[in-house]
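Below is one structure, written out as C-alpha cells; comments come after it.
Just so it is clear, none of the values below were taken in a lab; they were calculated from the coordinates. Remember, it's a predicted structure, so these values are computed and weren't measured experimentally. With ideal geometry, Cβ positions are generated from the backbone for all residues, glycine too; neighbour counts draw on all protein chains shown.
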C-alpha cells in the first residue's frame with residue numbers, strides 16, 4: 001500500500017512538472033527552500049565557532065572559489081553573494097555556457113559555447129586559478145556558518161600528504177552531515193586496480209577521514225587538481241569519474257561535520273532536460289574505462 005502511495009505521489013509530481021503550473025510552482029518552491037535555508041542558518045550560527053579576521057583573510061589570500069553556471073543565473077549570482085558574505089573580497093571564477101550569457105559584476109567570468117558541459121568548464125576554470133588552493137563548488141550550493149572553509153585550509157596546511165578535503169552537500173532537512181559522509185565510504189574504487197596512498201577509513205583527526213570519493217564540493221591544492229585534470233569530453237556526470245581517476249593519485253579526506261547547503265529546484269523542467277541527458281557521457285565513460293571495473 002505504501003509503495004502504491006509513493007508511486008502515485010511520484011506520478012503526480014511529474015505531472016505537475018509538465019503542467020502549465022510549473023513556472024508558478026518553481027517560484028513557490030524556491031521561495032520556501034530559501035526561507036528554510038535562512039532559518040537553518042540562524043540555528044547553525046549558534047553552533048558554529050566564529051571565524052577570526054585572520055582566518056577569513058587567509059581564505060581570501062589563498063583560495064579561489066570556482067564553479068560552473070548553466071541556465072541557472074539566479075543561483076550563480078546567489079552563490080557569489082554567499083561567498084562574499086562569508087569571505088569579503090574572495091576570488092571567484094565562474095564558467096558559464098548558458099544560452100543567454102551570465103551578466104554580473106564582481107567575479108571573473110569565463111564564457112564557453114552553449115552547453116559545453118562540466119568537463120570543459122572545469123578545465124577552463126582550473127586553468128585560470130592563480131592561488132595555491134581551489135574551492136570547487138556547484139551553482140546550486142550556498143555557504144553556511146558550518147562550512148568551515150578556513151578550517152579545511154588549516155587542515156591541508158597541517159597535513160601535507162593530503163591533496164583534497166571535501167565537505168558535505170546537505171539539504172536542511174538532513175540534520176546530521178555525518179550520515180552523508182558515511183554514504184561515501186562505500187566507494188572504494190577497487191576497480192581501478194590501484195591502492196590508496198593512505199588506507200581508506202584512516203582517521204586523520206576527530207573530523208577528517210580518508211575516502212575514495214567525497215561530495216563534489218571540496219577544497220584542494222591547485223597543483224594536485226592540475227595533476228589529475230578534468231576530461232572535457234564528459235559533459236555532465238563527471239563526479240564519480242573524477243574520483244575514480246584520483247584513486248592512488250590523490251589522497252582525499254572528508255570533514256564529517258562541515259557542510260554547504262545544497263538545493264535545486266524540482267520544478268525547473270528547462271534545466272532538468274539537460275541535466276538528465278547523460279547517455280553520451282555514460283557511453284564515453286564505459287569506453288574510456290573499459291579495461292577496468294568502473295564501480
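Placing dummy labels 7 Å off each Cα toward the beta-carbon, the span from residue 158 to residue 60 is 2.5 nm. Helix-only arithmetic for the chain: the sum of -39500 (n - 2.57) across DSSP H runs with n ≥ 4, divided by the residue total, places the mean residue ellipticity at 222 nm at -13000 deg cm²/dmol.
Relative to the present Cα-Cα distance, how much length would full extension add between residue 108 and residue 283 at 0.36 nm per residue of separation?
Extra length from residue 108 to residue 283 when fully extended: 59.7 nm.
Can you give the extra length, in nm with one decimal, that the chain gains between residue 227 and residue 53 once fully stretched, where that is 0.36 nm per residue apart less the Cα-Cα distance?
Values: separation 174, 0.36 × 174 = 62.64 nm, distance 3.22 nm.
Full extension from residue 227 to residue 53 adds 59.4 nm.
Sorting the segments 69-75, 50-56 by their mean number of nearby beta carbons within 10 angstrom, highest to lowest, gives 69-75, 50-56. Placing dummy labels 7 Å off each Cα toward the beta-carbon, the span from residue 269 to residue 127 is 3.8 nm. When each of the peptides 96-104, 151-159 is scored by the mean number of other C-beta atoms lying within 10 Å of its residues, the order from highest to lowest reads 151-159, 96-104.
Once R0 is set to 22 Å, what does the formula 1/(1 + (r/R0)^6) return for the Cβ-Cβ distance between residue 29 and residue 98, expressed as a FRET efficiency to the nearest 0.05?
Details: r = 21 Å, r/R0 = 0.94.
Calculated transfer efficiency: 0.60.
Computed over the alpha-carbon pairs of the chain, the distance histogram in 10 Å steps reads 6, 26, 36, 25, 7, 0 percent, short to long. Quick one: check the C-alpha center-to-center distance for segment 256-294 versus segment 170-228, whole angstrom. Here the answer is 18 Å between Cα centres. Computed from label points 7 Å out along Cα-Cβ, the spacing between residue 115 and residue 294 is 2.1 nm.
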